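Encoded as structure tokens, the structure appears first; notes follow it.
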Protein chains: 2
Amino acid sequence: MNYRNMEVTVVKIGGNVIDNPDDLTLFLKKFAALPAANKILIHGGGKLATKLAAKLDVPTKMIDGRRVTDSQTIEIVTMVYAGLINKSITAQLQSSGCDAVGFSGADAGIITAVKRLPYPVDFGFVGDIPDDGVNSTRLTAFLNMGLVPVFCSITADKQGVLLNCNADTIAQSVATALSSAGARVKLIYCFEKQGLLADVNDDNSVIPLITADNCEKLKAEGVISAGMLPKIDNAFKALNTGVEEVIVKSYLDLDDNDKGTRISRKS
Amino acid sequence: MNYRNMEVTVVKIGGNVIDNPDDLTLFLKKFAALPAANKILIHGGGKLATKLAAKLDVPTKMIDGRRVTDSQTIEIVTMVYAGLINKSITAQLQSSGCDAVGFSGADAGIITAVKRLPYPVDFGFVGDIPDDGVNSTRLTAFLNMGLVPVFCSITADKQGVLLNCNADTIAQSVATALSSAGARVKLIYCFEKQGLLADVNDDNSVIPLITADNCEKLKAEGVISAGMLPKIDNAFKALNTGVEEVIVKSYLDLDDNDKGTRISRKS
């Protein structure tokens, strides 16, 4: 199927915003008011899962910023991400007149993941999304019903095993799949900073534009730091498969098109 | 809208079956194989929420078999019912070739509840479903996509407040709403017993048929015990609004039309 005339805005909201109920409510009101014809929200997990794990005496183990997800931990993140956070967001959006529907990847088979191989590091029940992992036909059918899908970062594999995925990656995969199917897709990563910063200690040092041309130069100059690389890699992956625009910006600026860092194929 | 030619089977699976992963898997395989053109699953919560509450030092308070749901408890039941149980069931059904989609009532605004008044008993964040609480047009649209909705018993009110509902009541409300919209609906309550029992200690004492005619007589004779009344009341509520058939049976007999207790308007 082809969706050449469909415009979709995919927004990912980061965990730090989710940790503060007032910030989250402010963001959700802005998201609900976004005038896009088709929009999709992807949310991260925040610190709630770590807090719940601590209360349950389940040790939290992170490697390179990724959660090692054993059998107890996949239950905890499924409860927190797919249960509490996803349904709180969905109910709040509904009450703001935004026709949200909360999904894990397992629902309606929209996102099928593959369990990550246990080497060099065994992350446990962690999933990656293959190129054909997103069912864009199904997803588009929901958009055509006027619905606003809200995804948490829990998916499942073909065997029905629940897996913990990275929310940034889900956002990129969803944007890429819709774009590959012909839709015109804008991908917005929202978090608590103003954009990608040249100096992490200076909130006013937002890099306005990163292109394939200046990216290597910015890396060489040390302007793009190690912490930014996964976000930028995800952005270029999306751009290289046809996503029109990737923006990294503050959740407070969701409705301001001039703010944040624009990542683009060309200047 | 009118759905005169649509046949829908609504199945509710009880909490005790959910507590045993092997039993649940067996039931889900039978549900996935059910040859109904349109089917909906509603699941209860089981003991998991009570266990999690105990681990988190949140006291569980039950009145007349209903959970008093304070602000901590609504978070716990949302995590367990809408998160862990709903997504485990959905992922398992998907892996069995059943195109399941997990929902709370908040999702796509399908079931809007009303917070129960705090007197004579303050149950906290507990919801009841008004007569117009189920959006049957939306629900039917999902069925027409070939999807199999799987509902947990978490809903929300119009203000986006999450509420804990009774799963039997949700099953009855969904069946009633679809029936009122013109669909031919069969409602099946599955649990660990063979049906409604004349003698609770004798698994072979299944009452094969309860009708409006013999119901009062069975009550007077003490054959219908107090514990059965909510199920029977829900069943007659559904039948009185046009649901064609209500069956109470073992989860093991889901695929056997001759088993269980049939509750019917007429003999």
HN-Hα J couplings of region A:189-194 from phi, Karplus 6.51/-1.76/1.60, θ = phi - 60°, integer Hz, Gly and Pro as x? 9, 9, 8, 8, 8, 6
Neighbourhood net charge (13 Å Cβ-Cβ; Lys/Arg +1, Asp/Glu -1) for B:I224: -1
What's the ranking of A:66-75, B:129-138 by average number of surrounding C-beta atoms within 10 Å, highest first? A:66-75, B:129-138
Amide H partners (placed H, <5 Å) of B:I210, local residues excluded: B:R262, B:I263, B:S264
Taking amide H positions as placed in the peptide plane 1.01 Å from N, state which residues far from A:D70 in sequence (5 or more) or on other chains have amide H under 5 Å from it. A:F125
Most fluctuating residue of A:N201, A:N257, A:N214 in a GNM of chain A with Cα springs under 10 Å: which is it? A:N201
Cross-link reach list, aspartates and glutamates versus A:K249, counting only Cα pairs under 18 Å and skipping chain neighbours closer than eight places: A:D19, A:D23, A:D168, A:E192, A:D199, A:D202, A:D203, A:D233, A:D258
Quick one: of B:K193/B:K217; A:K158/B:K158; B:K186/B:K266; A:K158/B:K231; B:K61/B:K217; B:K115/B:K219, which pairs are farther than 25 Å apart, Cα to Cα? A:K158/B:K158; A:K158/B:K231; B:K61/B:K217; B:K115/B:K219
Within the set of other residues whose C-beta is less than 13 Å from the C-beta of B:V114, count the net charge using Lys and Arg as +1 and Asp and Glu as -1. -1
Hey, what do the phi angles of region A:109-118 turn into as Karplus ³J(HN,Hα) couplings, whole Hz, using 6.51/-1.76/1.60 and θ = phi - 60°, x for Gly and Pro? x, 6, 10, 9, 9, 10, 5, 5, 4, x
Please compute the contact order of region A:179-254 in relative form: average sequence separation of alpha-carbon pairs under 8 Å and at least six residues apart, divided by the residue count, as a percent. 53 percent
Surrounding charge for A:T73, neighbours by C-beta under 10 angstrom, Lys/Arg +1, Asp/Glu -1, total 0
Determine the shielding of peptide A:49-59 by partner chains: average, over its residues, the number of Cβ atoms on other chains within 10 angstrom of each Cβ. 1
Over chain B: helical MRE at 222 nm, DSSP H runs n ≥ 4 each giving -39500 (n - 2.57), nearest 500: -9500 deg cm²/dmol
Within region A:58-73, name every residue whose backbone N is under 14 Å away from a label modeled 7 Å from Cα of A:L229 along the Cβ vector. A:64-65
Express the Stokes-Einstein translational diffusion coefficient of the protein assembly as shown in µm² s⁻¹, to the nearest whole number, given a Kirkwood radius over alpha-carbon pairs, 4 °C and a viscosity of 1.567 mPa s. 54 µm²/s
Fewest-first ordering of A:E216, B:E244 by Cβ atoms within 10 Å yields A:E216, B:E244
Which of A:G102, A:G127, A:G227 ends up with the largest GNM mean-square fluctuation for chain A, with Cα atoms connected below 10 Å? A:G227
Chain A Cβ-axis minimum, rotational copy B, residue and distance in Å: A:G83, 1
Label distances, nm, B:Q159 versus same residue in remaining copies, Cβ-directed 7 Å point: 4.7
Placing one equal point scatterer on each C-alpha of region B:74-200 and summing with Debye, one gets log10 I(q)/I(0) at q = 0.22 Å⁻¹ equal to -1.37
Shielding score for A:160-171, defined as the mean number of other chain Cβ atoms within 10 Å: 2
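For chain A, what's the relative contact order in percent, using C-alpha pairs closer than 8 Å and at least 6 residues apart?
Relative contact order here is 23 percent.
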Can you classify region B:7-264 as rounded, prolate or oblate using the Cα gyration tensor, where a ≥ b ≥ c are the square roots of its eigenvalues, rounded means a/c under 1.5, and otherwise it's prolate if a/b beats b/c and oblate if not? rounded
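All of the numbers you see were taken from the coordinates with simple rules; none came from a lab. Given the structure is predicted, the values throughout are model-derived calculations rather than measurements. Neighbour counts run over all protein chains shown; Cβ positions are idealised from the backbone, glycine included.
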